[in-house]
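The values are calculated or read from the model by the stated rules, or taken from the named source; none is laboratory data. Note that the structure is a prediction, hence the values are computed from the model and not measured. Cβ atoms come from the backbone with ideal geometry, glycine included; neighbour counts cover every protein chain shown.
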Amino acid sequence: MKTLWQDILYGCRMLLKKPGFTAVAALSLALGIGANATIFSLIDATLLARLNFPEPDRLTVIWTTQLGRADSQNSVTAGNYFAWRDRAQSFSALGGIYGYPSNLGAEQNGAPAEQLAGEHFTASMFDVLGVKPLKGRTFVKDEDQNGNPAPVMILSYKFWQGHFNGDPGIVGRKVLLDNAENTIIGVMPEGFGLPGDSVDFWAPMGFTPQQINSSASFLVVAARLKPGVSLRQAQQEMDSIANGLRTAFPYNKEAGARVELMQEAFFQGAKRPLLVLQGSVAFVLLIACANVAGLLLARAARRRTEMAVRTSLGAGRGRIIRQLLTESVILSLIGGVLGVVFAWAGLRMILASLPPGALGVDTVRISARVLAFTGLVSVLTGLLFGVMPALQISKVDLASTLKESGRTGSDGAARQRVRGALVTLQIGLALVLLMGAGLMMTSFLNVQKNELGGDPTNLLTFEFRFPQSQLMKPVGTFRGMGLWEISSNTGLTYDRLYERMKSLPGVVSAAASSRAPFNGAMFMQFNIAGKPAPEPTAQGSNGMNAGYMPITPNYFATLKIPLVRGRDFTANDTAAAPPVVIINKTMAKRWWPDEDPIGQRITFDFVPNEVAREIVGVVGDTRLSPGQRVPGPIVYLPHLQQSQTWEGPSWNYRAAMVYTLRTNGNPMNLASGVRSAS
């Protein structure tokens, strides 16, 4: 221990004697170590994080899969959920989750209702997760009755603190949720929730008859393994159950089941990119090691006399190697300390550039595990870049060195070979990194150059939403799914709000659509009048589908999407007017390549009694996301001319409209006026 302490003190003195060398080498290492610590912080918060539930290693998610694609992840029908719950013996508890937005309060005294993120839980979900409420209680079985869920709710800790100021008497308080009075029965502990969720409240599932009889999959199913039951055993049992259900439910003909640990299920999407990034920054660190090793070899020429003197005084080669490795590790630890600072700054920049919830976790930080990882990497790095120079420097030709003639001979040739090998290694690693960086840069530039087809600048968007209870009522089934009648008041309300938005001071142009601009669309099948429909595939699709986009008049002008031919929608395109649509250029080229689509008619294939709609215009192509490489077909229609019946699984698409306001200045200057007008 005494000699180790002497090595440390001597190493520190040697590094302080050459502050320029120490600074350059430490900064080079700090960049490599800091990059590794940054990415490892993301991995630590996602792939390595321990779920905030008791015995998380027994928590699983069960997906519906397609036969032949065991890695697919699909949500679950209510029928499958009940069958799995009643038949599976591998789990101590099995529950279902269904997320949905709701409105808290009502429009009164000039204040709008507040939109909340909520989840339906089956009562058994709390047994699956094994977490007790901080205040009050969770649902009991009687409150989770199918078709008649109790009007109760449980608050998240964050919402309780932010909205109710942590009111200790919150349990028993009644609030208006989706225009129905609900009683708050509990508050969950801080941090409760599934990975990636940002939920304000939980309410009982209470499956409706339409959901029970529907072939639509909408549930996430979670289960807790019984003690002693392995994941493999549970998978074998679920395979057997899935085989039996293929005849019980028609929609299960091509379906299987997959059991996956909850930790892996919710972070699977982040796993591959994070591991690729970790591999990339490992190359950066290797290049830094090669750089510093080269610096140490260059410095070795000045220390050969020192090593010769120490050898002549009785120091063995092992003692010299240990001294030199100690210096390398000290240098690397200095780089590690600076690397932690760089990692903290890099982490802040990465998180600031990502959209909320992109990683599926609320917080990412430099944890104790990250510090331990950084310390280990620093020590290993010091040994890695220090061992080769140490072996070279410690191999001293005593007589020739003391005579200052050590510049020639085999020893010099050996040093040259080592330096050549280091240079070759640096070039090879740099080429690998450059190729990877080039591919990433090409992808980034392609996204940057990927014209959206409209102008997204100076736009303010907001969503106006109806609760399900006000939106629709069940009227039957169609193709195995619940059929609902949409209230005519929804379209009229959307229109009234649209008129108010147009008249706001500072608004240059206003419009509304079922989805935010350049942010996806529902896809719908259609048929062309006078042309035979293609044969349906095994999945029931006829291959003719397009993005379905209900809009208000002035949508194309607001987004600066060019009208190629025909006309735009007007205020006269009401529910009582002849039904019309506008298509984009891609749709026109795909299905009318040699003729003018204006005047042609299409019929949506979604609900019964759909009517034929005349194509009155063609507009420019837009992308439904910045990453979409090639524009797809899109059909636009006046929102007031949508069918008054709708399939229940897609009700959320009719529950809201996204309003887009264009201004000449900062769009956020309109925010207060929008809140008052809505």
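Looking at (1) surrounded by fewer than 20 Cβ atoms within 10 Å (Cβ to Cβ); (2) of a type in the set (D, E, K, R); (3) assigned to a loop (DSSP other than H, G, I, E, B), which one does residue 675 not meet, given that it meets all the others?
(3)
For the stretch 281-302, how many residues are surrounded by fewer than 17 Cβ atoms within 10 Å (Cβ to Cβ) and either assigned by TED's automatic domain parsing to the domain that holds residue 73 or modelled with pLDDT under 65 (or both)?
2
Hey, among 174, 226, which residue is basic (Lys, Arg) and without any contact (Cβ under 8 Å) to a residue 40 or more places away in the chain?
On inspection, the qualifying residue turns out to be 174.
What are the residues in the stretch 160-208 that are crowded, with 18+ Cβ neighbours inside 10 Å and of a type in the set (Asp, Glu), if any?
178, 200
Looking at this structure, is residue 263 outside the structural domain of residue 130 (by TED's automatic domain parsing) and modelled with pLDDT under 75?
Numbers: outside the structural domain of residue 130 (by TED's automatic domain parsing): yes; modelled with pLDDT under 75: no.
The answer is no for residue 263.
Kindly indicate which of 583, 551 is of a type outside the set (Asp, Glu), surrounded by 21 or more Cβ atoms within 10 Å (Cβ to Cβ), without any contact (Cβ under 8 Å) to a residue 60 or more places away in the chain and closer than 22 Å to residue 605 by Cα.
583
I'm checking my understanding of the structure. Among residues of the stretch 21-67 that are among the aromatic types (Phe, Trp, Tyr) and surrounded by fewer than 23 Cβ atoms within 10 Å (Cβ to Cβ), which one is nearest to residue 128 (Cα to Cα)?
It comes out as 53.
One residue is enough: does the stretch 360-367 have a residue meeting the conditions at pLDDT 80 or above, in the same structural domain as residue 12 (by TED's automatic domain parsing) and touching a Gly at 6+ places or on another chain (Cβ under 8 Å)?
no
So that you can scan it fast, the table gives a plain yes or no per residue for (1) in contact with a Pro (Cβ under 7 Å, 6 or more places away or on another chain); (2) charged (D, E, K, R):
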position: 129; (1), (2): no, no
position: 138; (1), (2): no, no
position: 161; (1), (2): no, no
position: 165; (1), (2): no, no
position: 169; (1), (2): no, no
position: 173; (1), (2): no, yes
position: 181; (1), (2): yes, yes
position: 188; (1), (2): yes, no
position: 202; (1), (2): no, no
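Please return the ranges of strands (runs of 3 or more DSSP E) entirely within the stretch 593-670 where 1 or more residues are aromatic (Phe, Trp, Tyr), buried (at least 17 other Cβ atoms within 10 Å of the Cβ) and touching a residue at least 12 places away in the same chain (Cβ under 8 Å).
Strands (runs of 3 or more DSSP E) meeting the threshold: 601-604, 634-638, 645-647, 656-662.
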